[in-house]
Every structure is written in structure tokens, then in C-alpha cells.
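Written out below as C-alpha cells is the structure these notes cover.
Each value in this text was obtained by applying a stated rule to the coordinates, not by laboratory testing. Here the structure is a predicted model, which is why all the values come from computation and not from measurement. All Cβ positions, even for glycine, are placed from backbone atoms using ideal geometry, and neighbour counts span all protein chains on display.
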Amino acid sequence: MTARIAIEGLDKSFATPVLKQVALQISTGSIHGLVGENGAGKSTLINIISGLLPPDSGSMALDGKSYSPTSRKAALDAGIALASQELSLIDTLSVAENILLTSFPQRALGINRHAVRQRARVLMDLVGLEQLSPQTPLAQLSLAEKQLVELAKALSMPEDTTRLLILDEPTSALTSPQADQLHRIIKQRSASGLSVIYVSHRLDDVLSVCDTVSVLRDGVIQLTAACASLTSNDLIREMSGEELLRHSDDKPRTFGDVRLTVEQLSSVDFPEPISLHCHRGEILGIAGLAGAGRSELLHAIYGLSAERQGRVVLHAAGQDSVIDSASTAANNGMALIAEDRKSQGIFTGKTISLNTTIAGLGKLGGALSAILPRREQRVTEELIAQLKVKCEGPLQTIDKLSGGNQQKLLVARWLQAKSDVWLLDEPTRGVDVGSKLAIHDQLRQSRDQGAALLIVSSELEELTALCDRILVLSDKKAVETYHRGQWDKEMLLEAAFSNYQGVRVAAG
Amino acid sequence: MLRKLNLLFEELFIFIALLLLVAFFGVMAENFFTAGTLMAILTQLPALTVVTIGMTLVLISGGIDLSVGSVVALSGGVIGIAFTVFELPLIIAAALGILAGGCAGLVNGVLGSYFRLPVFIVTLGMLEAGRGLAYMVTDSQTVYIGASIQALSLPISGIGLSPSFIMSLTLVVLAQYALTRTIFGRYLIAIGTNEQAAKISGIRTEPYLTWVLVISGLLAGLGGLMNAAYLGASDPNAAIGLELSAIAAAVIGGTSLMGGRGSIVGAFIGVLIISVLQNGLAQLGVSEPVKRLITGLVIILAVLLDRWRSR
């Protein structure tokens, strides 16, 4: 029997390889789990199958026929339904319009509104949105309800033409009865021949719902096996790999005074308060899965979040400063390098020099707030040399530099501003190895000079190599803080998964 | 060194376009190279120039100021009434007019940045409200001011340039300096390029976005003074559509409507191009509709060239 979808030798690179020779076969009517750490390549693989990204090489076949979609529309026409983690919904439309957006019932003159409501009603009842009216504007829905709408949308395609349903973290916002209902639906559909790819961090769900599962690590499929033969520990071991625990400097170090205190901080994104502190000369890691609230925590500490509650205090010799906005944060020595370099970091189309000095223009020391171009360029040149940024010079625009060199310049920006409390969100994501090591060296050097650093990273090796302590977040709550020497990678992963599994992890 | 040349090239490019335009009219229109043409251009220029300076700064910060034309009329009205009805000294009247422009800008700025309303809409509202106020202040009548104010737009003997013109040229230089060599200008560019990154870099965006609209309002107020000087009167119907000429001049001069990029010197050359075009076409005997058609095409062409250049 030919497989529903057969993938052979799939490669995809962005700055670095993301998928390497991925091969996968999913048979008709099978539910196939896909698990892996953040950045393992799951999303890229899904995007390629659903037509959102082209592969660099490799081939796909759908029911034995060659399949190479050029757009999401082409994949839809081929019968690939997708419920995306980032919800492909439009806030200004009604629930019904959202559900049927890709398959509006037409009649001679435009949309058949009656049919829209009727079909939406059926799908809404199916996914457990009985209490909602199809005309409700989507903006009024909770996140869980929106996730169910996204599912209804994925299920809106005619059953006889849908061949593969891809679910990306479909239960991340759902309660367990809601998740159970979803699982019942996909089991029913698969019994009548639908194939499903089920991506989730909830390993217990994966093992109970799926027939087979694949583990993806660093873009390589490590294991494909029947779920009946596996436990969640097996999956965690495959996801983390063995070459861990390479501590580059394992000797215990002494810290200075506490530089940063975060007391009972909460925001709209993580309602349960989180407290932490960081000493001078210390690196505190923050681990957790995507969506665990790590970036949101850094943004709240920096004074950026909505409905922020709690206190963030910087302690300097003889004087405490309370941080209530990004400008007080920056002016009191705090630095934030956000996860999304393009939208929150660099100034596109501007010179390296502008990008480097923007946070510390006052420290260039021109009278009457004048900027002295020579001095600015000299300062920029010094930083370019210090961080070994590959570029033509301070007046080159930043756009054409590699991700690694842009990231180095963001580090340079805050060095120039003389920051000594660093909040770094995925500081080396999408960065080549050379730049990564250079950034690590610079961060260690800042630490040795008395800076306090908070680092969010999805890469556990990065955290275990750099950090003195690691705080693990799970599902927007602080789980546990581990000290250097106490942790191993499986322990951290287990803690990161803990609030998704309903299992309380023992203190490390 | 090459890079520096490249930066100069930005302005050089449109300057050459201006020279070509002048050469074109010089050949085509018999009387183009005369003192009369030069005078016509020089006396009309200052008001549009100062308004365009403000507009360019606002555009660079990522905003837009649609109210400038109305504010010019409002300021002119305030000056005329203060001078003729309240018989205040001209200098006080002028200051009140400029201040009225500043107030309009302050309202724009506060609503735009602290109340987070879209600047486009706020200044569109001010375009209507400002015009209404101008009619109210002047009782919808043109107020004759007379020779005392006209001195501003007449050439100073010995120099050959009017005080208005000298003032506007000085402001071009000052604003270009502020934009490229001060923290204020640098922050405007940063905010206009990427507001979120600017915030994370520690810039408090609200005061800067307010100030830039206040400056635009003050400059529109000054434009009102210059316009009244040129007319010798304050006309509540003055400067209708001036905001579009100012935007056009800024865009021809290489300013991006998306924010973050622009040059005051470039915008000034843009003003010159528009004036030369208007006067040159008039001398060729081109009708008003065709003049507008050609001006529109030139604006579109400028943006196309700019797009092509920045590739």
C-alpha cells in the first residue's frame, strides 16, 4: 500500500541547516506524532508540507503522486489542512467567516450567508463551541476559544477531499476536557481514512493519541516508532541527545552584591507572579518551551508589558532605582536584546554607526546634545574591532550583514551605553558558530567585569555552558531554579514540560 | 570616502534634476532667465520652504502633518487681527501668529503621541478645525495689513534678498544640522525607522513625537507670517492645499513617507523644483489644468526614481 504522504531527503537551510535529509512516511488513516525541542525544525517541516515554504531539495509524494506545492493555496487544493500554532485567524471577522474563510459557500451573487452560518454551526458544535453564536466577532473570544475556531477552520474542508490534517500544538490553550474532545474528533476522522500529523509539547497526549511518532533533533529525525512501545522518558532522551553537559567552566565562582531584584512581577502574558534576583558577576538562565512566558518575562522586567504589576529594582552603590518603563531601564544601565532582531533590534537601512550608538548617544559627550561624527565613527570602529564584526566600516548600512554580525552589533550597542544588567532573549539564535562563540566570550567578559545577565535560550547547551543558575518556566509559571552542578539536561527538560503534563517535578 | 560621496550623492542627484529643469525652461521660455522670474520664485518660496522643513521632520519621525495649510491661514489671521484691530506692534502680532501655530501643533502632538490617536486623522481634523478658526478670527474677511509687513518679503537693498528668504534659508541650514548632528534629529530618525527598537533603546518616544509636531506647527505659523508679508494681507482662504505641496517637495527631495529617511536640504531642493516648474510652465503659457497634471507626474516620477535609486 502506498503511504498517504511520503517525504524523501528533505533539506532546508536558512542561515544554517534547519532540516537535514528528513524522510517520513505516514500511512492512510494514521495519526503521526512529531516532537522535538524548540528549534529542532518541526515548524519548518510543517510549513514545507503545508505549502508555506519551499524545500531546498528532496521530494514529497501524496498518495503516490508527486507533490510540490508552490503556495498554501496549492496545498489546500491538494487536501492538506493546517491548524497553525500562530492561529491564522482575522480578529475583525465573525467566527463563522473565519471558519469558512478558505471555502465560502458561493451562490450566483456573492456569499451565501445562510449557508455560512449553517456550516459554521455544525463545525462549531463539533469542536465544542456550542455556546457561541456564529456571528460573534472573533476579537471577543478567549485564546482557548480561538484555538477551537482554528481547529474548526482546519476541519471545514470537505471530508472526502481532505487527505492530511496538520495540527501544530492544537491543545496549548485548551483545558483537558476540550483536549479530550479534540482527540476524539481526530480519532474518528482517522478511522474514516484521514491522516493526521500531530505536533505537541505534551508528550503524554502524543503517546495516547498517536499511532506512530517521530522525534526531530537539530533537523534530523532521530527516531520513528510505534507509540505503544515508548514512554515519555524515551522521547525526552531522544529529543535532548547525549552530547550534553559540556560545561566550559565548571568551577564555582563568587558573585558580587545583588544588582537586580524582581518582586512578584506579573503581566497580562503571565498572570502568576514571578520573583527572581541576579548578582553582579552572575549569569541567570531562563529555560522553558516556546510560549512558556520567557520573552514576556524579560519584556516585563524591562518595563515594556501591559498591565504590569510588581516591582523591578536595580541596586547600585547607595541607591536603588525602580524600573517602570523602558527608558528608565535603559538609563539605569539595563539592556534588552529582544528575540526578534528585525522588528525589535536593528534599524534597517541605517548605518552601522547609527545602530551602534543609538542607546548611548549621550555618552559620546558632544556639547549641547550635538553628535560629533568623527567621535561617533571612532567609537563604532573600536566596537567593531572588539567584537570582530565583519563589515566595511561604520558607514555601511546594517542590512547586508549576516545575522551573527547584526547580533554582535546589538551587543556593541549596549556595551557603548555602558549597560551592566543584560536581558538577552535568544542571543545566538540563527547565528553562525563563530559569532556565537564571540558573543559568548563577550558575555562572559561582561560578567567578569561585574555585570548581571539574564539569558533566555531554547538551547539547553547554551544555558548549561554559560549560566550560574537556571530558572525553568513552564506554561507561564516559574517551576524551579537549579544551581550549577545540580542540573542535567533531562532534569531541565522535565521541569520545562512539567506544567503541561500535570506532573509536579521534585526540586532539583 | 566613497560612502561619504554616496551620502552627498543623494542630494546631488536631485540638485542635478533641478539644474536640468532650469536649463530646460531657459531654452524653451524666452524670458525665463530674467530678474522678474527670479523675483517671483524668491518671494513665493519662503513660506513653502519653512512649512516643508516642518513637514519633512514630521515625515522622518514616521508621522504626517496635514494641518499645515490651515495653520498658515490661522496664523496669518491672528497676525492681521492683532495688528489692525488690537493695534499691537507688528513684532508682537507676528509672535502671536507663530504661537497660534505652535498651539495647533501641540494639540496634534499630544493627541497623537500621548492619546495614541493616528496622526493622520488628528492632523486631518486640525486641517478642518484650523481653517474654521482662521475664518472665525478674520470674520471670513481678508484683512489688509499694508506696507509694514510687506517689508519682510521685499529685498533688502544691497543684498538683494528678502528677510523672509534669508530666514527660511537659515532655517534650512539649522534644521539640516539638527537632523544630522544632534541627538534630537538622530532620535527622530530612529523612531521613524523602528519605533519598537527605539523604545527598547531607551528613547521615550512620546515627547519627541509631540515636539516634532509642535515644531511643524511653529514653522507653519512662521509660514503664515511670510505668506501675509507676501500678500500684504491675511487671507483666511490662503494656503489651501499647501500641505500637499509640502509633502510633494519633501518626497521629491528623497524623504520617505514610511518614515526614517529624509533630508532638509533635499526637501529645499524639492521646493525649488516645484517653484521652477510652476513658474516655468506659466511662462510657457501652459494652462492651469495641464500645470497640475505635469506637477503630479513629476511627483510620481520622483518617487519612482527614488525607489530605483535605493535599490
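Before moving on, here are some points about what is shown:
- Helical contribution to [θ] at 222 nm, DSSP H n ≥ 4, -39,500 (n - 2.57), averaged over chain B, rounded to 500: -25000 deg cm²/dmol
- Highest to lowest packing among B:75-81, A:165-171, A:92-98, A:308-314, scored as the average C-beta count within 10 Å: B:75-81, A:165-171, A:92-98, A:308-314
- Within 10 Å of the Cβ of each residue in A:364-372, the mean number of Cβ atoms contributed by other protein chains is 3.
- By the count of neighbouring beta-carbon atoms within 10 Å, fewest first, A:482, A:500, B:177 end up ordered B:177, A:500, A:482.
- Global dimensions of chain A from alpha-carbon coordinates: Rg and Dmax equal 24.8, 79 Å.
- Peptide A:341-348 has a mean of 4 when you count, residue by residue, the C-beta atoms of other protein chains within 10 Å of its C-beta.
- Shielding by partners for peptide B:253-260, expressed as the average number of C-beta atoms from other protein chains within 10 Å of each residue's C-beta, is 1.
- In chain A, helices alone account for a calculated mean residue ellipticity at 222 nm of -9500 deg cm²/dmol, with every DSSP H run of four or more residues adding -39,500 (n - 2.57).
- The range B:33-176: C-alpha gyration tensor shape, a/c 1.5 cut-off, then a/b vs b/c: oblate
- Remark on the range A:5-240: hydrodynamic radius 18.3 angstrom, per the Kirkwood mean of 1/r across alpha carbon pairs.
- Considering only B:225, B:96, B:45, the mean-square fluctuation computed in a Gaussian network model of chain B, springs between alpha carbons under 10 angstrom, is largest for B:96.
- Whether the range B:261-311 is rounded, prolate or oblate, judged on the alpha carbon gyration tensor where a/c under 1.5 counts as rounded: oblate
- Among A:391, A:278, sorting on how many other beta-carbon atoms sit within 10 Å of each Cβ, with the fewest leading, yields A:391, A:278.
- Each residue in A:420, A:441, A:432 was given a count of other beta-carbon atoms within 10 angstrom of its own, and listing them fewest first yields A:441, A:432, A:420.
- For the range A:359-398 versus the range B:46-61, the gap between their alpha-carbon centres in whole angstrom: 29
- Of A:20/A:489; A:42/A:187; A:42/A:400, pairs whose Cα-Cα distance is over 26 Å: A:42/A:400
- Taking all pairs of distinct alpha-carbon atoms in the range B:223-311, Kirkwood radius in angstrom: 14.3
- Across the range B:21-32, coupling constants 3J(HN,Hα) worked out from phi with the 6.51/-1.76/1.60 Karplus curve, θ = phi - 60°, read 5, 4, 4, 4, 5, x, 6, 6, 9, 4, 9, 5 Hz, and Gly and Pro carry x.
- Separation between Cα centres of the range A:39-106 and the range B:82-128, rounded to whole Å: 53
- Cα centroids of the range A:285-324 and the range B:173-229: 31 Å apart.
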